[in-house]
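The values are calculated or read from the model by the stated rules, or taken from the named source; none is laboratory data. Because the structure is a prediction, the values reported are computed rather than measured. Cβ atoms come from the backbone with ideal geometry, glycine included; neighbour counts cover every protein chain shown. Heads up: the accessible areas ignore ligands, DNA and RNA and are worked out on the full protein's heavy atoms, side chains in. Shrake-Rupley method; radii C 1.70, N 1.55, O 1.52, S 1.80 Å.
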Amino acid sequence: MVDPLALTLLSLVLACALATAVLRDVLGAIIAFAAYSLGISIIWVVLRAPDVGLTEAAVGAGVTTVLFLLTIAKTVRPSGDRLLVSPDPKGLAVAALLVGVLLTTLGALPPVGSDATPVATSEVTEYYLENAYKEAGVKNAVTAVLAAYRGFDTLGEAVVVFAAGVGLLVVLNKEVFE
Amino acid sequence: MSTDPEDGRERRLYVESPIIMATVRVVAPFVFTFGLYIMFHGADSAGGGFQGGVIVSTVILMLGIAFGIEPVREWLDPAAVVAVVGVGVGAFLLVGMGTVALGGAFLDYPVLPITKASKYGIEFVELAIGVIVSGIVVGLFFAIAAGVTQDDDETDREGGLL
């Protein structure tokens, strides 16, 4: 884990996350959040998960930023001379505690790129990698799992997106259906 | 409610920057094609319906930011956007239940009477997912943007509140 690329990316992501949390200017925080998403998406690509990286870049860095910008265009931004917010000590303590608890699980994770991870050694993975092209006819095993082997799950996901979206539209603006 | 985009563009400009408008005019078709590529080509490389749908929907977001959200909203009826989402869910269900009706399991593509049924079936399902996702993103964009430009002229509000 002394890969300079990984170290640079991780420090960028951490810095952006901190900036998002402590910047007092909402616009600045949104820009920092977009940079954070961009860093995360590059990390996914480095970890050889281009599908997830693409999603993070499109949704996290793209659409969410636009929606946040629209939201602050309709709300009042706090003005003041201070650049950073002073964090609430109680909230900070809870956040630190949560991070501490989560950090205790880090030791149980296999090293990045290890060939002994359950994901790499599981016979389910083996089966998908060996049979996806023959049975589903597509080269991307992720797509084969999503749209063929686990198609019913994907239908559920699509319906969840549909239901959540329509519900939000009803809450945000009823006129859309009239 | 005007359905003519040119008319809408002339009346109210959101960002009155000819550079942004020209850039969006040039870039939008490429982004749209790239989104479709991600959607269709997801079967053979990274990508898929969810990612491609979001990229396709960013075309509408770009148009809204460059030419004004209200004109784009008038051009693209929000009710039609929501209907399109329903069509996406229906198309997915049609394929899934169609294979059941033809005597197979859910999404059992090989029972479909077409060549390379599995590949084309998967791409059709990805397209349906893309339609759902892009419809929802555009709908959210319109819903959240409702009223952003209302202080420009209050009199026109009943025409395009959303």
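Mind checking the dipole of the protein assembly as shown: about its Cα centre, +1 per Lys or Arg Cβ, -1 per Asp or Glu Cβ, Debye to the nearest 20? Don't jump to the answer; show the numbers that get you there.
Values: 18 positive and 33 negative charges, 122 e Å.
Computed charge dipole of the protein assembly as shown: roughly 580 debye.
With a 1.4 Å probe and every protein chain left in place, work out the accessible area per residue of the range B:75-120 in Å², rounded to a whole number.
51 Å²
Convex hull over the alpha-carbon atoms of the range A:89-163: what's its volume per residue in Å³?
In the range A:89-163, the Cα convex hull volume per residue is 153 Å³.
Translational diffusion coefficient of the range B:78-143 at 10 °C, 1.306 mPa s, Stokes-Einstein with Kirkwood Rh over Cα pairs, in µm²/s as a whole number. Don't skip to the answer; put the middle values down first.
Working: Rh = 12.5 Å.
Result for D is 127 µm²/s.
Tell me which of B:L107, B:V89, B:G49 sits at the most positive position along the dipole axis of the range B:49-131, charges placed on C-beta atoms (Lys, Arg +1; Asp, Glu -1).
Toward the positive end, the furthest listed residue is B:L107.
Give the interface area between chains A and B as buried accessible surface, both sides summed, probe 1.4 Å, in Å² to the nearest 100. Let's see the in-between values first.
Values: alone 13430 and 8980 Å², together 18770 Å².
For chain A against chain B, roughly 3600 Å² becomes buried.
Let me know the mean shielding of A:56-62 by other chains, meaning the per-residue number of their Cβ atoms within 10 Å of its Cβ.
Values: counts 1, 3, 14, 6, 0, 0, 6.
What the average comes to for A:56-62 is 4.
Report relative contact order for the range A:18-128 in percent, whole number only (criteria: Cα-Cα under 8 Å, sequence separation at least 6). Intermediate results must be reported in sequence, preceding the final value.
Details: 72 pairs, mean separation 28.8, N = 111.
Computed over the range A:18-128, the figure is 26 percent.
Per the Debye formula with a single identical scatterer at each Cα and no solvent contribution, what log10 I(q)/I(0) holds for the protein assembly as shown at q = 0.06, 0.09, 0.12 Å⁻¹?
-0.27, -0.61, -1.03
For the range A:73-144, what does the accessible surface come to per residue with a 1.4 Å probe? Please give it in Å². Before the final figure, lay out each step's value.
Values: 5780 Å² over 72 residues.
Using a 1.4 Å probe on heavy atoms only, each residue of the range A:73-144 averages 80 Å².
Would you mind giving the average projected area, over all directions, of the Cα convex hull of chain A in nm² with one decimal? Spell out each step's value before the answer.
Details: hull surface 60.1 nm².
Its average projected convex-hull area is 15.0 nm².
Under the 0.36 nm per residue contour assumption, what length would be gained going from the current alpha-carbon distance of A:A49 and A:L98 to full extension? Kindly include the intermediate steps, with their values, before the conclusion.
Values: separation 49, 0.36 × 49 = 17.64 nm, distance 2.70 nm.
Residue separation times 0.36 nm, minus the Cα-Cα distance, leaves 14.9 nm.
Return the long-range amide H neighbours of A:L84 (sequence gap of 5 or more, or a different chain), with a cut-off of under 5 Å between placed amide H atoms.
A:R24
Trypsin sites (Lys or Arg not before Pro), restricted to the range A:53-119: which are DSSP loop and have at most 16 other Cβ atoms within 10 Å?
On the way: sites: A:K74, A:R82, A:K90; in loops: A:R82.
The qualifying sites are A:R82.
Compute, for A:R150, the solvent-accessible surface of its heavy atoms (probe 1.4 Å) with the complete set of protein chains present, and express it in square angstrom to the nearest 10.
120 Å²
Work out the mean other chain Cβ neighbour count within 10 Å for the residues of B:58-68 and drop it here as an integer.
Numbers: counts 4, 0, 0, 5, 1, 0, 2, 3, 0, 0, 0.
The per-residue average across the peptide is 1.
Given labels modelled 7 Å from the Cα in the Cβ direction, how far is it in nm from A:L172 to B:I19?
The modelled label-to-label distance comes out at 2.9 nm.
Which distance in Å, rounded to a whole number, links the C-alpha centroids of the range B:50-94 and the range A:82-119?
37 Å
Within the protein assembly as shown, how many lysine pairs that are 8 or more places apart, or on different chains, have C-alpha atoms less than 25 Å apart? Walk me through the intermediate numbers first.
Details: A:K74/A:K174; A:K134/B:K116; A:K134/B:K119; A:K139/B:K116; A:K139/B:K119.
Pairs that pass both the separation and distance tests number 5.
Solvent-accessible area of B:M39, probe 1.4 Å, all protein chains present, reported in Å² to the nearest ten, please.
Probe radius 1.4 Å; accessible area of B:M39 about 10 Å².
In whole Hz, with x marking every Gly and Pro, tabulate ³J(HN,Hα) for the range B:99-116 from phi via Karplus 6.51 cos²θ - 1.76 cosθ + 1.60, θ = phi - 60°.
5, 5, 5, 7, x, x, 8, 5, 6, 8, 3, x, 7, 5, x, 9, 6, 6
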